[in-house]
Amino acid sequence: MTKNGIVCQRDGRHVYLDPKNAVSEGINFISHAHSDHLPSQNGGTILSSIETNKIANLRGFIMENFIDSMDDFSLINSGHILGAKGLLFDDVFYTGDICTRDRAFLKAAAIPKCKTLITECTFGLPEFIFPKINEIKIMVNEIISELYSKGKPVILLGYQLGKAQTISSLFGHWKPLYYHDSVKKMNDLHRKLGVSLEDGMGHTEAESAGLLDKKPWIMIAPMMSQKNQFIKHMKEKFDAVTIGFSGWAKSTRFAFGRRSDYSIPLSDHCDFNELVDLVNKTGAEKVYTIHGFVEEFALHLQKMGIDAQPLREQSLDDYI
């Protein structure tokens, strides 16, 4: 691991895993198009899925020297968002961000066998056990139904890329349906890439046409706090109620996961039990933890008899 991220050597070449800056002398693997995984500049060969490339383009990053396949490197569905992949090479599996449960149009991650596993552990504490997707659907539909009976418009909040498309798929049957302008752009791209999502008008056009005055309605918007000007406006003018979707809502210790009128523990990541199951299914002899509760999750794996440690600078080079 270096200041630029995780780097492995293969046949004299450097393989950079979600580097902060794409490096000119190596192979740069980009697991998905969330901003914390996209490089800030080009360099060398960039390996990613076609969907990740197109979503990155929409978000303002043009991948130069882009390829979607390479001999002896396998891109593995990670189930996180559209186009998200893990990378398998030389008996090393790097998960990127990963989710092993089906969610709407997103299929659960594939879990390959490997000797060395580099896994995220965003929710690597036992308190993070998420409800089943059908339980979430029932819970949220009941909330929306009750609010609709009172004439209240409802804003469903989730990250513009990933969560917003999941909740669009799960709850897009409610009508009339509107989207925050930024979510509409992302959903339009998903439809072009073959994802079946309900179409809907952007919020600027809907408000200009006076449609938001005709309550109730559903709107899907990016995750925002109650202090955000857009949310304040929607509440003051239309008496809208917010439902936020975040894995952090599962814990009382993280207030940022409960910034809405209702908070639902829906995540694009594995929960704690799913992370443990992931490790077991790979059969890895060595596990490195990254992104999240790295110390705590590695310690839990050690107590299970698994050789695990947080990934630090140089630690990967000591093993492979």
Can you tell me which residues in the stretch 263-277 are open to solvent by 70 Å² or more (accessible area, probe 1.4 Å) and touching a helix residue (DSSP H, G or I) at 6+ places or on another chain (Cβ under 6 Å)? none
Can you tell me which of (1) among the polar types (S, T, N, Q); (2) in contact with a helix residue (DSSP H, G or I) (Cβ under 8 Å, 6 or more places away or on another chain); (3) closer than 24 Å to Asp213 by Cβ is the one Gln160 doesn't meet? (3)
Under the condition of being crowded, with 21+ Cβ neighbours inside 10 Å and part of a loop (DSSP other than H, G, I, E, B), which residue from the stretch 1-22 is modelled with the lowest pLDDT? Ala22
What about Ser168, is it open to solvent by 10 Å² or more (accessible area, probe 1.4 Å) and small (Gly, Ala, Ser)? no
Check on Ser182, within 18 Å of the chain's Cα centre (by Cα), farther than 19 Å from Arg103 by Cα, in contact (Cβ under 8 Å) with a residue 24 or more places away in the chain and open to solvent by less than 50 Å² (accessible area, probe 1.4 Å): yes
As an exercise: evaluate Leu75 against (1) without any contact (Cβ under 8 Å) to a residue 24 or more places away in the chain; (2) of a type in the set (A, V, I, L, M, F, W, C); (3) under 14 Å from Asp18 (Cβ atoms) and give the number of the one condition it does not meet. (1)
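One line per residue, one yes/no per condition, for (1) within 25 Å of Arg259 (Cβ to Cβ); (2) part of a helix (DSSP H, G or I); (3) in contact with a Ser or Thr (Cβ under 6 Å, 6 or more places away or on another chain):
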site: Gly151; (1), (2), (3): yes, no, no
site: Ile155; (1), (2), (3): yes, no, yes
site: Tyr159; (1), (2), (3): yes, no, no
site: Thr166; (1), (2), (3): yes, yes, no
site: Ser169; (1), (2), (3): yes, yes, no
site: Ser182; (1), (2), (3): yes, yes, no
site: His190; (1), (2), (3): no, yes, no
site: Val195; (1), (2), (3): no, no, no
site: Glu205; (1), (2), (3): no, yes, no
Any idea which residue in the stretch 214-237 is least open to solvent (accessible area, probe 1.4 Å), counting only those that are in a helix (DSSP H, G or I) and over 15 Å from Tyr179 (Cα atoms)? Lys235
Cβ-Cβ under 9 Å pairs, at least 6 apart or on other chains, the stretch 202-230 side closer than 25 Å to Leu266 by Cβ and free of Cβ contacts under 8 Å to residues at least 24 places away in the same chain, far side of a type outside the set (Ser, Thr, Tyr) and assigned to a loop (DSSP other than H, G, I, E, B): Lys227/Arg259
All but one of (1) out of contact with any Pro (no Cβ under 6 Å at 6 or more places or on another chain); (2) surrounded by fewer than 23 Cβ atoms within 10 Å (Cβ to Cβ) hold for Phe245; which doesn't? (2)
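Considering only residues of the stretch 60-74 that are under 23 Å from Met186 (Cα atoms) and surrounded by 15 or more Cβ atoms within 10 Å (Cβ to Cβ), which is nearest to the chain's Cα centre (by Cα)? Walk me through how you get there before you give the answer.
The first filter runs over the stretch 60-74 and keeps only residues under 23 Å from Met186 (Cα atoms), leaving 60-64, 66-68.
Narrowing the set further to residues that are surrounded by 15 or more Cβ atoms within 10 Å (Cβ to Cβ) leaves 61, 63, 66, 68.
Details: Phe61: 18, Met63: 20, Phe66: 22, Asp68: 20 Å.
Per the stated criteria, the residue is Phe61.
Tell me which residues, restricted to the stretch 29-43, are open to solvent by 20 Å² or more (accessible area, probe 1.4 Å) and not aliphatic (A, V, I, L, M). Before you say what the answer is, go through the steps one by one.
Of all residues in the stretch 29-43, those open to solvent by 20 Å² or more (accessible area, probe 1.4 Å) come to 34-36, 38, 40-42.
Across the stretch 29-43, the qualifying residues are His34, Ser35, Asp36, Ser40, Gln41, Asn42.
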Checked the stretch 85-135 for anything surrounded by fewer than 20 Cβ atoms within 10 Å (Cβ to Cβ), within 19 Å of the chain's Cα centre (by Cα) and not in a loop (DSSP other than H, G, I, E, B); matches are Ile133
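Mind counting the residues in the stretch 281-304 that are of a type outside the set (A, V, I, L, M, F, W, C), at negative phi and assigned to a strand (DSSP E or B)?
Of the residues in the stretch 281-304, the ones of a type outside the set (A, V, I, L, M, F, W, C) are 281-283, 285-286, 288-289, 291-292, 295-296, 300, 302-303.
From the residues that got through so far, the ones that are at negative phi too are 281-282, 285-286, 288-289, 295-296, 300, 302-303.
Filter once more, so that each one left must be assigned to a strand (DSSP E or B): 286, 288-289.
Adding up the residues that qualify gives 3.
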What are the pairs, 6+ residues apart or on separate chains, where a residue within the stretch 233-253 that is in contact (Cβ under 8 Å) with a residue 12 or more places away in the chain has its Cβ under 9 Å from a residue that is open to solvent by 70 Å² or more (accessible area, probe 1.4 Å) and among the hydroxyl-bearing types (Ser, Thr, Tyr)? Val241/Tyr262; Thr242/Tyr262; Ile243/Tyr262; Gly244/Tyr262; Phe245/Tyr159; Ser246/Tyr159
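The values are calculated or read from the model by the stated rules, or taken from the named source; none is laboratory data. Please read all numbers here as calculations on a predicted model, not as lab measurements. Here the Cβ is made from the backbone with ideal geometry for all residues, glycine too, and neighbour counts use every protein chain on show. Note: areas computed on protein heavy atoms with side chains; ligands, DNA, RNA excluded. Shrake-Rupley method; radii C 1.70, N 1.55, O 1.52, S 1.80 Å.
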